[in-house]
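**Student:** This is the structure, below, for whatever I ask next.
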């Protein structure tokens, strides 16, 4: 059973060099990593339940209160030091979820590294150890588990069924029932041996170095989309909406990007997302900066329309990173507009429970600083089984054939890391 926060003490010490977060997370640990920062953690000092998800504002506020109640000795004092709550929450804002305060948290921010340990008051100090691998009595580490080499892919819908679902959504949009709805596909993968999570994470880092790599209790992925980041009074969001293929041919990719930038349909889809996030942040900010023209984010095989939104929180009663995530999620980038109507439509037609797919994934510290990505380009991995997901924003005029092709591009993100024949 998890201890109460009042019985815990968190001690953060500086490390002589930034830790290798992938090595520290391994197969079983928690990981949230960007290019030069992040956290890797093990154990469970405290579990913070959200029985009604982000929809329960009181429970969301209590997460920060619980972190603040932990006695803290922090020699580093940066976002992510001291006690931290880590988790991946459901797409459904009212769906039950939880965050974990790990017992050991390795962190880095640029060239600065640290270790936080959280123990009962009467626990003795632990030595700082940079390797989490066990020692072996015979001096020889046993061979690593063989990764799977045979796979079966099973979609929850055939191509025809999915295109028919998109066609039905377009009809609903054209009748004015919705302004936008995001519909997803799920592909189930059965392998002949358990997936080696650490190997998959290494491949995700190599394939998508600019993405936020996460691994939370079997939910792993490489998200390109920042839901919200808070550092003191500064708040940021980087929504994506609108996608074209990327081939690596510079001229061909320029043509595709120009076509995307000039598409009224894609720009309209993107604008709905940006306006919704700006409107959600405005009541708690003294200023919100939204560029008039979106930029382009290029990944390994796709390019997205992107807009970097920044704001400055009011001086008093600043919401925490988790409270900001609750205020913003679900954005029209993963749900639709109007939000409640879109979620009801998703539940009616999509054919599966999204679980943590497209929900917030990340961390928050006792000061309320933190970072949450959208849990997209993700997979639920359980032994030799994996479920991968990809969703598209559907608006009036969407073409079911083109939308199918877009999901296939997005599914490649996890297929390239999981399926290694």
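The values are calculated or read from the model by the stated rules, or taken from the named source; none is laboratory data. Worth saying up front: this structure is predicted, and the values here are computed from it rather than measured. Neighbour counts run over all protein chains shown; Cβ positions are idealised from the backbone, glycine included.
**Student:** Regarding residue 302, is this residue surrounded by 16 or more Cβ atoms within 10 Å (Cβ to Cβ) and at pLDDT below 95? Spell out how you get there, then give the answer.
**Tutor:** On the way: surrounded by 16 or more Cβ atoms within 10 Å (Cβ to Cβ): yes; at pLDDT below 95: yes.
Considered against the rule, which asks whether it is surrounded by 16 or more Cβ atoms within 10 Å (Cβ to Cβ) and at pLDDT below 95, residue 302 comes out as yes.
**Student:** While we're on this one: Since residue 22 meets every condition but one in (1) closer than 27 Å to residue 326 by Cα; (2) under 19 Å from the mean Cα position of the chain (by Cα); (3) crowded, with 19+ Cβ neighbours inside 10 Å, which condition does it not meet?
**Tutor:** Against the list (1) closer than 27 Å to residue 326 by Cα; (2) under 19 Å from the mean Cα position of the chain (by Cα); (3) crowded, with 19+ Cβ neighbours inside 10 Å, residue 22 comes up short only on (1).
**Student:** Follow-up. Please enumerate the residues belonging to segment 316-340 that are in contact with a strand residue (DSSP E or B) (Cβ under 7 Å, 6 or more places away or on another chain) and under 22 Å from residue 241 (Cα atoms).
**Tutor:** Those that are in contact with a strand residue (DSSP E or B) (Cβ under 7 Å, 6 or more places away or on another chain) and under 22 Å from residue 241 (Cα atoms): 324, 325, 328, 329, 332, 333, 334, 335, 336, 337.
**Student:** Residue by residue through segment 79-118, note down the ones that are more than 30 Å from residue 330 (Cβ to Cβ), in contact with a strand residue (DSSP E or B) (Cβ under 9 Å, 6 or more places away or on another chain) and surrounded by fewer than 22 Cβ atoms within 10 Å (Cβ to Cβ).
**Tutor:** 103, 104, 110, 112, 113, 115, 117
**Student:** Within segment 3-38, track down each residue that is touching a helix residue (DSSP H, G or I) at 6+ places or on another chain (Cβ under 7 Å) and part of a strand (DSSP E or B).
**Tutor:** The answer is 31, 33, 38.
**Student:** Right, something else. Please tell me if residue 277 is surrounded by 13 or more Cβ atoms within 10 Å (Cβ to Cβ), part of a helix (DSSP H, G or I) and within 20 Å of the chain's Cα centre (by Cα). Walk me through how you get there before you give the answer.
**Tutor:** Values: surrounded by 13 or more Cβ atoms within 10 Å (Cβ to Cβ): yes; part of a helix (DSSP H, G or I): yes; within 20 Å of the chain's Cα centre (by Cα): yes.
The answer is yes for residue 277.
**Student:** Conditions first: (1) within 19 Å of residue 245 (Cβ to Cβ); (2) touching a residue at least 40 places away in the same chain (Cβ under 8 Å); (3) surrounded by fewer than 24 Cβ atoms within 10 Å (Cβ to Cβ). Residue 408 passes all but one, so which condition is the exception?
**Tutor:** (2)
**Student:** Here's another thing I want to ask about it. What residue, among those in segment 102-160 that are in contact with a helix residue (DSSP H, G or I) (Cβ under 7 Å, 6 or more places away or on another chain), closer than 19 Å to residue 81 by Cα and not in a loop (DSSP other than H, G, I, E, B), is modelled with the lowest pLDDT?
**Tutor:** Ranking the candidates gives 120 first.
**Student:** I'd like to check something: does segment 54-65 contain any residue that is part of a loop (DSSP other than H, G, I, E, B), without any contact (Cβ under 8 Å) to a residue 40 or more places away in the chain, in the same structural domain as residue 79 (by TED's automatic domain parsing) and under 18 Å from residue 97 (Cα atoms)? Spell out how you get there, then give the answer.
**Tutor:** Applying the first criterion (part of a loop (DSSP other than H, G, I, E, B)) to segment 54-65 yields 56.
If we keep only those that are without any contact (Cβ under 8 Å) to a residue 40 or more places away in the chain as well, we get 56.
So of that shortlist, the ones also in the same structural domain as residue 79 (by TED's automatic domain parsing) come out as 56.
Now restrict to residues that are under 18 Å from residue 97 (Cα atoms): 56.
Within segment 54-65, one or more residues are part of a loop (DSSP other than H, G, I, E, B), without any contact (Cβ under 8 Å) to a residue 40 or more places away in the chain, in the same structural domain as residue 79 (by TED's automatic domain parsing) and under 18 Å from residue 97 (Cα atoms).
**Student:** Just give me the residues in segment 39-52 being part of a loop (DSSP other than H, G, I, E, B) and crowded, with 22+ Cβ neighbours inside 10 Å, in sequence order. First the steps, then the outcome.
**Tutor:** In the first step, residues of segment 39-52 are kept if they are part of a loop (DSSP other than H, G, I, E, B); the result is 43-45, 51-52.
Within segment 39-52, 45 is the sole residue that qualifies.
**Student:** Determine whether residue 234 is touching a helix residue (DSSP H, G or I) at 6+ places or on another chain (Cβ under 8 Å), touching a residue at least 24 places away in the same chain (Cβ under 8 Å) and over 15 Å from residue 333 (Cβ atoms). Explain how you work it out, then say what you get.
**Tutor:** Working: touching a helix residue (DSSP H, G or I) at 6+ places or on another chain (Cβ under 8 Å): no; touching a residue at least 24 places away in the same chain (Cβ under 8 Å): yes; over 15 Å from residue 333 (Cβ atoms): yes.
No; evaluated as a whole, the condition is false for this residue.
**Student:** For residue 190, state whether it is more than 13 Å from residue 419 (Cα to Cα) and either free of Cβ contacts under 8 Å to residues at least 12 places away in the same chain or out of contact with any helix residue (DSSP H, G or I) (no Cβ under 9 Å at 6 or more places or on another chain) (or both). Can you show your working first?
**Tutor:** Numbers: more than 13 Å from residue 419 (Cα to Cα): no; either free of Cβ contacts under 8 Å to residues at least 12 places away in the same chain or out of contact with any helix residue (DSSP H, G or I) (no Cβ under 9 Å at 6 or more places or on another chain) (or both): yes.
When the stated conditions are applied, residue 190 does not pass them.
**Student:** Run down 214, 208 and say which single residue is under 15 Å from the mean Cα position of the chain (by Cα) and closer than 30 Å to residue 279 by Cα. Don't jump to the end; show me each part of the working.
**Tutor:** Details: 208 fails: closer than 30 Å to residue 279 by Cα.
When all the criteria are applied, what remains is 214.
**Student:** Same structure, new question: Any chance you could count how many residues in segment 236-252 are surrounded by 23 or more Cβ atoms within 10 Å (Cβ to Cβ) and farther than 17 Å from residue 301 by Cβ?
**Tutor:** Looking only at that region, the number is 3.
**Student:** Taking the options 181, 197, 170, 257, name whichever one is within 30 Å of residue 100 (Cα to Cα) and buried (at least 16 other Cβ atoms within 10 Å of the Cβ). Can you show your working first?
**Tutor:** Numbers: 181 fails: within 30 Å of residue 100 (Cα to Cα); 170 fails: within 30 Å of residue 100 (Cα to Cα); 257 fails: within 30 Å of residue 100 (Cα to Cα).
The match here is 197.
**Student:** Under the condition of being touching a strand residue (DSSP E or B) at 6+ places or on another chain (Cβ under 8 Å) and surrounded by fewer than 19 Cβ atoms within 10 Å (Cβ to Cβ), which residue from segment 368-404 is farthest from residue 321 (Cα to Cα)?
**Tutor:** 384
**Student:** While we're looking at this one, here's another question. How about segment 295-313: which of its residues are touching a helix residue (DSSP H, G or I) at 6+ places or on another chain (Cβ under 7 Å) and in contact (Cβ under 8 Å) with a residue 40 or more places away in the chain?
**Tutor:** Our first condition is that a residue be touching a helix residue (DSSP H, G or I) at 6+ places or on another chain (Cβ under 7 Å); within segment 295-313, this holds for 296, 300-303, 305, 307, 309, 311, 313.
Correct list: 300, 301, 302, 303, 305, 307, 309, 311, 313.
**Student:** Between 190, 202, which is assigned to a strand (DSSP E or B) and outside the structural domain of residue 29 (by TED's automatic domain parsing)?
**Tutor:** On the way: 202 fails: assigned to a strand (DSSP E or B).
Just a single option satisfies the conditions, and that option is 190.
**Student:** Would you mind stating whether residue 251 is at negative phi, in the same structural domain as residue 394 (by TED's automatic domain parsing) and at pLDDT below 85?
**Tutor:** Values: at negative phi: yes; in the same structural domain as residue 394 (by TED's automatic domain parsing): yes; at pLDDT below 85: yes.
Yes.
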